[in-house]
Amino acid sequence: MAKELKLMKGNEAIAEAAIRSGCDGYFGYPITPQSEVMEHLMAEKPWEKTGMVVLQAESETSSINMVYGGAGVGKKVMTSSSSPGISLMQEGLTYLAGAELPAIVVNVVRGGPGLGTIQPSQADYFQATKGGGHGDYQLFVLAPATVQEMYDFVFLGWEIAFKYRNPVMILSDGAIGQVMEKLYVGDYVPRWTDEELRKNAPWASFGKPTDRKHHIITSLELDSAKQELHNHKLQAKYREMEEKEVRFEAINCDDADYIFVAYGSSARIAEKAMQLGKEKGYKIGILRLITLFPFPKKKIAELSTKVKGMLAVEMSAGQMVEDVRLAAEFRCPIEHYGRYGGIIHTPQEVLEALEEKIIKRK
Amino acid sequence: MFNQDIVKPENLVYKRTEVLTDNVMHYCPGCGHGTTHRIIAEVIEEMGIQDKAICVAPVGCSVLAYNYFEVDSLGAAHGRAPALATAIQRLNPDKHTFTYQGDGDLAAIGTAETIHACNRGENIVIIFINNGIYGMTGGQMAPTTLVGMKTATTPYGRNVELNGYPLQITELLAQLPGTYLVTRQSVHTAAAVRKTKKAIRQAFENQKNKKGTSFVEVVSNCNSGWKMPATKANEWMVENMFAKYPIGDIKVDGELVQK
């Protein structure tokens, strides 16, 4: 595949990836700090290049339901928003999960709660990984740390979404959305033809041919015995994801005494803190999470038997740290450090937290 | 004469359209949903668009509409059907996407989706069943409940100071430039059924010609919610509902009908 070097914001990389990955439709609503996604799409006019539909909806409620409609007829559809908008989408997300529809939803997280701030945050971890909407369901959650990953995870997102018939969330943050970095983009992947759609999404409601009964896309099943069976099927799917789809990057973990567990922007800050720690003689590794669901439970359990302690670094009051503790089962000290409300921690702060909370711990 | 003696192809004067499934409908006897379903299905059959039709079902009494139409379908969240239909039709401009919605779904929780889909002139057909009450949840007040009408949540009658006024959403939608056909019909007599079928046919023809949004309201009864026998409910509907929601075309070929 031919590679072309570009300089782009993370938000623009999402839009560029949508066009180049054969996306059929994007439906969105402006919100800071992710408005460049739709702005880039509208400026690029992909309907003239690939036939992709781009529409500004009247609300996030509407855009996620447009995604539900497009996904239900087998199309590759996506939306993006930031925290308050993603809260409005929770209804649509649980319906997508219940009806087992593939789609990509990008959350460029900002500080909360409420209207909060427009600065970067990672305080939507619980909402992204623990359901968010009602009922027992899971989104597949990818956490990009670079502009390149913003681009790449759109392609990966389609693969996962259609393989498992499940909505995929790309959980980014305001820093990665706004930062400009170089990235490599590839050739245009053509949108699916009608024949390809029928092959790749045979379950969809794309119009009933004469040789089959009608398809129904719904999350409703009034017979609770059948609804329980449907839930069993969903849970089996989530367990399969945990078995096969866990992704992480282990940096210097093999002989480390201490581990920073982090994702997204925090993982990049932790990397600098790791270097600062090395200068002081500490052996620090980083476990950078790429999938937040499925969560790398086994890797954390394994590391917890080898190291003297772990510091969960996240721009929240302590959300991911709960999953780290559950996976480690308290086999080593596990503490949390993070600034929040739109403040980004510095590498120095992170290293000091490691020293105070774990290294010098009595 | 035994049944098998008369059930022969040469004696066939009426048969159920194949665009309806064999499922027994759950609707109350005397309710307008069954009739409206049938004429939509007949129009789809007569136009030969079964393979292109995509039904978006609402939440409410007709939440299971997709069990009766033999067309590919989606069940929307409450009120969101026009958003689904917007995307489906834009992604498939040659299909026939239609929504089927009740008054609570379309004119209360889904007001924003309805108004904006119509205002964008989405090339969709919206069938709106207005019976002035929430049937499925047990007869609560709807946005279209008449003043003074008793419901489970207006046990002393709808009081405008407490509950506001009945919403004439159809008249409101007719004001939007995106709507091409806006009409109000009923299905309580044979003549009314024929007129409604004609209106629904026109709506799907408009869609075929990519004219924008076609909106067909069907004023119906809810004998169980209104707590009346079916025939009495129809009489009450003619006397009271038609006074607030008069039958007839409101906008034809993109032009408001002068009254």
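The values are calculated or read from the model by the stated rules, or taken from the named source; none is laboratory data. These numbers were taken from a predicted model, which means no experiment stands behind them. Every residue, glycine as well, gets a Cβ built from its backbone with ideal geometry; the counts of neighbours run over all protein chains shown.
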Could you grab me the full set of residues in segment B:65-99 that are more than 9 Å from every other protein chain (Cβ to nearest Cβ), in contact (Cβ under 8 Å) with a residue 40 or more places away in the chain and in contact with a His (Cβ under 8 Å, 6 or more places away or on another chain)?
-> B:TYR68
Among the residues of segment A:25-59, write down those that are under 20 Å from the mean Cα position of the chain (by Cα) and within 14 Å of chain B (Cβ to nearest Cβ).
-> A:GLY25, A:TYR26, A:PHE27, A:GLY28, A:TYR29
Do we have any residue at all in segment A:177-194 that's over 19 Å from the mean Cα position of the chain (by Cα), within 14 Å of chain B (Cβ to nearest Cβ), closer than 20 Å to A:LYS76 by Cα and without any contact (Cβ under 8 Å) to a residue 40 or more places away in the chain?
-> yes
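To keep it simple, each residue is scored yes or no on (1) within 14 Å of another protein chain (Cβ to nearest Cβ); (2) touching a Gly at 6+ places or on another chain (Cβ under 7 Å); (3) surrounded by fewer than 24 Cβ atoms within 10 Å (Cβ to Cβ).
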residue	(1), (2), (3)
A:SER62	yes, no, no
A:GLY70	yes, yes, no
A:LEU93	yes, yes, no
A:LEU96	yes, no, no
A:GLN122	no, yes, no
All-but-one check, B:GLN168 against (1) closer than 30 Å to B:GLN89 by Cβ; (2) touching a strand residue (DSSP E or B) at 6+ places or on another chain (Cβ under 9 Å); (3) crowded, with 17+ Cβ neighbours inside 10 Å, failing number (2)
Can you tell me how many residues in segment A:200-225 are in a helix (DSSP H, G or I) and either within 14 Å of another protein chain (Cβ to nearest Cβ) or within 23 Å of B:THR97 (Cα to Cα) (or both)?
-> 1
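Listed here are the residues, each with its yes/no results for (1) at pLDDT 95 or above; (2) part of a strand (DSSP E or B); (3) under 18 Å from the mean Cα position of the chain (by Cα).
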{"position": "B:HIS188", "(1), (2), (3)": "yes, no, yes"}
{"position": "B:LYS198", "(1), (2), (3)": "yes, no, yes"}
{"position": "B:GLN202", "(1), (2), (3)": "yes, no, yes"}
{"position": "B:LYS210", "(1), (2), (3)": "yes, no, no"}
{"position": "B:SER214", "(1), (2), (3)": "yes, yes, yes"}
{"position": "B:GLY225", "(1), (2), (3)": "yes, no, yes"}
{"position": "B:MET241", "(1), (2), (3)": "yes, no, yes"}
{"position": "B:PRO246", "(1), (2), (3)": "yes, no, yes"}
{"position": "B:LYS259", "(1), (2), (3)": "no, no, no"}
Identify all residues within segment B:100-125 that are facing another protein chain (nearest Cβ under 7 Å) and surrounded by 24 or more Cβ atoms within 10 Å (Cβ to Cβ); write none if there are none.
-> B:GLU113
Check off (1) over 26 Å from A:MET66 (Cβ atoms); (2) in a loop (DSSP other than H, G, I, E, B) for B:GLU161 and give me the number that stays unchecked.
-> (2)
Does B:ASN206 qualify as being away from chain A (no Cβ under 14 Å), surrounded by fewer than 23 Cβ atoms within 10 Å (Cβ to Cβ), within 27 Å of A:GLY51 (Cβ to Cβ) and not hydrophobic (A, V, I, L, M, F, W, C)?
-> yes
Determine whether segment A:277-299 contains at least one residue that is surrounded by fewer than 17 Cβ atoms within 10 Å (Cβ to Cβ), within 24 Å of the chain's Cα centre (by Cα), at pLDDT 95 or above and not polar (S, T, N, Q).
-> yes
Filter result for the condition that a residue is over 18 Å from A:LYS298 (Cα atoms) and small (Gly, Ala, Ser), over A:ALA256, A:ALA250, A:ALA201 | A:ALA201
Return yes or no: is B:GLY212 of a type in the set (Gly, Ala, Ser) and on the phi < 0 side of the Ramachandran plot?
-> no
Pairing a residue in segment A:339-356 that is free of Cβ contacts under 8 Å to residues at least 60 places away in the same chain with any residue that is in a loop (DSSP other than H, G, I, E, B) and of a type outside the set (Ser, Thr, Tyr), where Cβ atoms lie under 6 Å and the two sit 6 or more apart in sequence or on different chains, gives A:ARG339/A:HIS345
Quick one: is A:LEU197 part of a helix (DSSP H, G or I), within 14 Å of chain B (Cβ to nearest Cβ), in contact with a Gly (Cβ under 8 Å, 6 or more places away or on another chain) and not hydroxyl-bearing (Ser, Thr, Tyr)?
-> yes
